[in-house]
Amino acid sequence: MKISNETKIGVLTAVSITLLILGFNFLKGKSLFDHTKKIYAVFKSVEGMETSNAVLVNGLSIGNVTDIKETDKNIDGIIVTITLKKDVNIPKNSVAVVNPGLITSTAIIISKGDATDYLKDGDTINTKEKPGLISQVQDNINPIVTKLSGTLISLDSLVEVIGSMFDPKFKNSFSNMFAHLAASSASLEILLNTQTGVLAHSLKNVDTFTHSLANNTGQINKTLDNLQKVSTELANAKIEDAVSSMKSTMNELKLTLAKVNSNNGSLGLLLNDKKLYQNLESTARSMNILLDDLRVHPKRYVNISVFGKKDKNGYLTSPLADSTSKSGDK
């Protein structure tokens with residue numbers, strides 16, 4: 001049996017429509033094959049609620065919103081169909097609230113009750129209205145605005161009373177004070193200017209200095225390591241022994257100088273005894289005379305000539321003046 005092309009196109013179209021409906025219901029959170037339990041909730045407002053939004057119990061997602069519709073033409077209430085995807089027991093006195101999220105999507109939060117009877121398929125859960133985020137913010141701001149308005153009125157009255165009490169001169173002084181305050185604030189603004197302010201330049205210099213320190217961390221560490229090595233070598237060096245040896249040498253030198261300054265030793269006598277110096281000077285003078293006489297009259301002391309006669313001239317009694325240069329001239 002041959003199937004015509006029209007039949008094939010019809011069957012394909014039917015299958016496509018069926019798959020499209022099933023996929024659409026699946027995206028909406030409806031089960032395709034399993035029979036799931038549905039419960040209902042009636043709210044006056046479902047701010048931000050859409051189908052497929054989550055239903056949570058203690059933070060656990062137990063189902064999704066599968067349908068949202070009005071109760072009547074006046075929209076006195078909104079019926080939300082909740083399809084449970086988990087087989088869980090929900091007490092009958094549990095309460096559902098719409099929780100509009102600031103970042104996440106809106107969800108229905110179910111607070112479990114303590115009843116022993118549980119909701120069945122087709123039951124309606126108790127609901128409670130939760131104020132929206134904007135309403136909460138407005139409720140919190142309204143008292144602050146009211147107090148602020150009262151404070152401004154009181155401040156205005158206080159300014160009027162103070163103005164009536166002050167004389168014109170004091171008012172002028174008050175104005176001058178505010179003028180000076182404004183000038184001071186302008187000067188402070190110039191000081192804090194990020195482009196031309198002195199404080200800004202100082203902070204830039206500090207930043208540059210810290211940046212340089214950060215860039216030279218390696219060199220600084222090497223310098224510290226060298227200092228540590230030097231200090232270690234100094235600590236290991238026998239400085240105390242060297243100091244003790246130097247002290248001992250200084251003490252011996254002091255003793256030697258003391259002996260030199262005293263008249264007990266030969267060197268001390270030579271330095272301090274005048275008579276010994278005079279005797280040494282006299283001896284040196286006599287030795288000089290003897291050497292001059294030996295040089296002038298050598299035959300008197302050594303006679304090595306065969307034909308010569310012994311020199312019988314008188315002996316010298318004083319050294320010859322410039323004897324070396326005169327003998328050289330001869």
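No lab work stands behind these numbers, since they all come straight from the coordinates. These numbers were taken from a predicted model, which means no experiment stands behind them. So basically every Cβ, Gly included, is an ideal-geometry build from the backbone, and we count neighbours across all protein chains shown.
So what's the net charge close to Gly122: Lys and Arg +1, Asp and Glu -1, counting the other residues with Cβ under 12 Å from its Cβ? Its environment carries a net charge of +1.
Couplings for the range 109-120, taken from phi via the Karplus curve 6.51 cos²θ - 1.76 cosθ + 1.60 with θ = phi - 60°, read 9, 9, 9, 5, x, 10, 6, 8, 8, 10, 5, 10 Hz in order; Gly and Pro are left as x.
For Ala107, the residues whose modelled amide H falls within less than 5 Å of its own, excluding neighbours fewer than 5 places apart on the same chain, are Asn99, Gly101. Our coupling estimate for the range 277-284, obtained by passing each phi through the Karplus curve with A = 6.51, B = -1.76, C = 1.60 and θ = phi - 60°, is 5, 5, 5, 5, 5, 5, 4, 5 Hz, Gly and Pro reported as x.
Distance between the modelled labels on Asn74 and Asn215, one decimal in nanometres: 8.0 nm (7 Å Cα→Cβ projection). Taking each of Lys86/Lys128; Lys37/Lys69; Lys44/Lys147; Lys274/Lys299 in turn, the alpha-carbon distance tops 27 angstrom for Lys44/Lys147; Lys274/Lys299. Taking 0.36 nm per residue of separation and subtracting the current Cα-Cα distance, fully stretching the chain between Leu181 and Lys112 would add 18.6 nm. A Förster radius of 35 Å, combined with the Cβ-Cβ distance separating Asn279 from Leu255, puts the computed FRET efficiency at roughly 0.80. Amide H contacts of Asn53: Val65, each under 5 Å away and 5 or more positions distant or on a separate chain (H built 1.01 Å from N in the peptide plane; Pro and chain starts excluded).
Using the Karplus relation 6.51 cos²θ - 1.76 cosθ + 1.60 with θ = phi - 60°, the per-residue 3J(HN,Hα) values for the range 45-62 come to 8, 10, 4, x, 7, 9, 5, 6, 5, 7, 10, 10, 10, 6, x, 9, 6, 10 Hz, with x marking Gly and Pro. Non-local amide H neighbours of Thr124 (under 5 Å, H modeled in plane, Pro and chain starts lacking H): which ones? Correct list: Tyr40.
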